[in-house]
Each structure stands twice: as C-alpha cells, then as structure tokens.
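Working notes, structure below.
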Amino acid sequence: MKRIVLLLLVLSVVFGMAGPVFAAGGGEKKSQSDLSVGIVLPTKDEPRWLQDEAWFNDALDEAGYSVEILFSQGDPARERANVEALISKGIKVLIICPHDGAAAASAADEAKKSGVSVISYDRLITGTPNVDYYVTFNSITVGEEFGKYLVANAKGKNNNLYLYAGAATDNNAFLFFEGAWNILQPRIADGTFVIRNSSEAVALSGKQKLTREEMGKIIGQVTTNWDFNVAKNLAEANLTSVGPGAKGEVFIAAPNDGTARSIADVFAADPDVTKYYISGQDAEKASIQYIIDGKQSMTVFKDVRTLVKDAISAAVAILEGDKPLAYGVYNNGATDVLAIQSEVITVTKENLKKALIDSGYYKASEFSGL
Ligand code: BGC
C-alpha cells in the first residue's frame, strides 16, 4: 500500500495537471509543487527512447495521470533549456538521459544549485559530482552478449569480423565496446576472428584491457554516432574498401538495433557476402521483425519497464527523504555515482516468443510470421 501511495505522490508532479492531488490513504492534500519530478530524454528520432516515453506514460497513466516528458533532440543546448524549464516549474527530482554525457554536466550542476536531485537515466552524466543516482542496465554485459553470440557461431579460424560502435559522446558506447572486446579479443588473438574494418583495433588486438583512450581510438574509426545513415555509409565504405576475401561469411558486432538494421541491409545487399551474423540491442519492434525474418541474428532485450520502475522508485525515495536502494557505483570521472542496475536478456528467434510476447512486452499481432 505504501508503494501505491508513494507512486501516486510522485505521479502527482505532473506538469499541466489540473487540480490538487490527494494522497491515497492519508487524505492529505498535496499541491503540485510539493512533490515534483521532471523527465528529459535524448531524442524522438531513435525508437529506443520512444519505448521509454511510452513506458513512462504507461506507468504514470495507470495511476490516472499524464506527464510531460521533454526531448532534447540530440542538442545539448536544448537539453539545457529543457532542464532549466523544468527547474523553473519547481521540480525536486530530475530524471535525465543525456544526449552528450559530458555536456550535460552543466545542466546537472544547475539542477543541483537549485536544490534538485539528479538521477542519470540509462546514460551516465560524466565529469561532475552533482549526479545523485544512476539507473541503468548492465551495459558491459550487453556488449559481452554481442561477443558471446558471435563467438558461439564462429567455426575454425580467420572469420571475418566487423566492429561498430555507438556515439563517443555516450558513455554507454564505451561500456558496450568494452564488453564486446572482453569476449572477442581472446578470439581475435587466437586467430578465430580477423578484424576487417579498424586498423586501430588490429593494432590493439593483443591487449585484453583497453584504456578509455585506446577504446576511443577504435570507436573513432567505427562509430555510427547512433545514426542510421552514418551506420549505413560506414558499412558501405567498409565493404567497398575490402576485397572479396574479407566477405563470404561475416560476423558483425553492431551496437544497437537501429544501426544493426542499417548495417545488415548493406551486408545483405553485397553479392560477395554469403552469410552474416549480427548483434543488436533494445528489442525494437522493427528488429524483432528482422529477427523473425532472418535479417538480424540477435538483440539484447533491456526491459524498459524495469528501468522506468527503478527510476520512479528512486525519485519517490528521494522525495520521501529516503535513500534509494543502490547496489554499486559507477565512476563518472568526478565521483562514484550510486547505481541501480538491471540485468538484460539475449533474444534470438528461439526464445523471442517467451521473452517478448509471453512477458507482455509486445503483442504477437504486432509481428508477421511469428
Ligand atoms: C542506450 C541504447 C540505445 C543507444 C542509442 C544508448 O545509450 O543504452 O539502448 O540504443 O543509446 O540511442
């Protein structure tokens, strides 16, 4: 019951919501400014964040309220303006997924100065002590799942490996890469894989633990910038510059579903590519259809319902003067940020129905050929 009351309280923060809110049970009247949370997400242009918006709205609607969620559209200046707008509306807790983790530090500083607690959501804000909590998935595991899938399907030696990464402005891109490298590097060193699209990765292939700077060098060569078109152009450029010997059966570490679909389409269209295995993450609807159709091999399912629930619970705890339950820390370059972390599930054609349909994440009717 306490949880429902708390949920109602946090939901009452809602901007533009008319009238006072009564806390169930206690009958105490809360004005809008008594308890408030603001949410800022990075962009509407990537399906991942529309999933988060939908699940936030769902969680909030369930209690009979609507909430205003602001999007930064990949623009740090707009992100800052969004945060300022929310602060001026009297929020007490900011849940923010930064477009650019380093640039968002100043927004976190400003929030803190105004007495607002900051929860970094999915992506870590770096370079500032003014982040109270980090609600996230285990992003190193996500990358390790990419690597494990590719390793499990590679037979013999000299398998063609293509590496791709997310945006260097996103701390997660480093974590995903680190995870993939943890698993792939020993198999590169023993000759199972040959990297075909990064001279920096080839140069560092004898090293199991890379520094951030070293990872940055590789990411600089293989970044998609989380952009479908950049991913497509890069894959095309990679396939143009290698000979047919680097094609045939290929293994592709793609950093998320959106870029995986772009890259997969490029590889599928090359007559010299006979078969490809490709990773992804987010369990985006379009990628689930790709997996059903045999065009994408796997995705890492990050159940956004859990992340949303964790973020709301953390906000409620802060508003109540409690400490959210955090089990670990992430160093953001300025401090160790307390973290609340969720696990992930690897999804292939084999377990797709169980993981995504039976769990109620999607409806079977949203797909064809299931
Ligand atoms: C998120 C991924 C997402 C990517 C691109 C990352 O920070 O963790 O789920 O696919 O950003 O938006």
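The values are calculated or read from the model by the stated rules, or taken from the named source; none is laboratory data. What you see is a predicted model, and the numbers here were worked out from it, not measured in a lab. Neighbour counts run over all protein chains shown; Cβ positions are idealised from the backbone, glycine included. These accessible areas exclude ligands, DNA and RNA; they are computed on the full protein's heavy atoms, side chains included. Shrake-Rupley method; radii C 1.70, N 1.55, O 1.52, S 1.80 Å.
Given a cut-off of 25 Å, name the pairs among Lys113/Lys309; Lys157/Lys354; Lys44/Lys302; Lys44/Lys247 whose C-alpha atoms lie farther apart than that in the structure shown.
Table pairs above 25 Å Cα-Cα are Lys113/Lys309; Lys157/Lys354; Lys44/Lys247.
Relative contact order of segment 302-370, taken over Cα pairs closer than 8 Å and 6 or more residues apart, is 21 percent. Taking 0.36 nm per residue of separation and subtracting the current Cα-Cα distance, fully stretching the chain between Val194 and Gln221 would add 8.1 nm. Residues considered: Ile119, Ile278, Ile292. Largest GNM mean-square fluctuation over the chain, using C-alpha springs under 10 Å, is found at Ile292. The accessible surface of segment 220-370, taken with every protein chain in place and a 1.4 Å probe, is 51 percent carbon and sulfur. Less than 5 angstrom separates the built amide H of Ile39 from those of Leu70, Ile95, all sequence-distant by 5 or more or on a different chain. Among Glu178, Glu53, Glu320, which one shows the biggest mean-square fluctuation in a GNM of the chain, springs joining Cα atoms closer than 10 Å? Most flexible of the set in this elastic network: Glu320. With the simple model of a label 7 Å out from the Cα in the direction of the Cβ, Ala286 to Thr274 spans 3.1 nm.
Computed over the chain with a Gaussian network model linking Cα atoms closer than 10 Å, the most mobile of Asp303, Asp100, Asp45 is Asp45. Could you tell me which of rounded, prolate or oblate describes segment 234-370, using a ≥ b ≥ c as the square roots of the eigenvalues of the alpha-carbon gyration tensor, with rounded for a/c under 1.5 and, failing that, prolate when a/b is larger than b/c and oblate otherwise? Because a/c hits 1.5 or more and a/b fails to exceed b/c, segment 234-370 counts as oblate. Remark: segment 193-201, residue by residue, has Karplus-estimated 3J(HN,Hα) of 10, 10, 6, 10, 10, 8, 5, 5, 5 Hz, where x stands for each Gly or Pro and the curve is 6.51 cos²θ - 1.76 cosθ + 1.60 at θ = phi - 60°.
Contact order, relative form, for the chain: 16 percent (alpha carbon pairs under 8 Å, 6 or more residues apart, mean separation divided by residue count).
Annotation: lysines with alpha-carbon distance below 18 angstrom to Lys112 (same-chain offsets under eight excluded): Lys89, Lys92, Lys323. Could you tell me which of rounded, prolate or oblate describes segment 125-266, using a ≥ b ≥ c as the square roots of the eigenvalues of the alpha-carbon gyration tensor, with rounded for a/c under 1.5 and, failing that, prolate when a/b is larger than b/c and oblate otherwise? Prolate shape, in that a/c is at least 1.5 and a/b is the bigger ratio. Using the 1.4 Å probe convention, the accessible area of segment 249-341 works out to 36 Å² per residue with neighbouring protein chains retained. Within the straight-line cut-off of under 12 Å between alpha carbons, the aspartates and glutamates reachable from Lys217 are Glu200, sequence neighbours fewer than 8 places apart in one chain being disregarded.
Straight-line cross-link reach from Lys148 at under 18 Å between alpha-carbon atoms covers these aspartates and glutamates, not counting any fewer than eight positions away in the same chain: Glu178, Asp190, Glu249, Asp257, Asp282, Glu343, Glu350.
Remark: the Asp58-Arg78 segment gains 4.7 nm on full extension, using 0.36 nm per residue and subtracting the alpha carbon distance.
A prolate overall shape is assigned to the chain, the ratio a/c of its alpha-carbon gyration tensor axes (a ≥ b ≥ c) being 1.5 or greater and a/b exceeding b/c.
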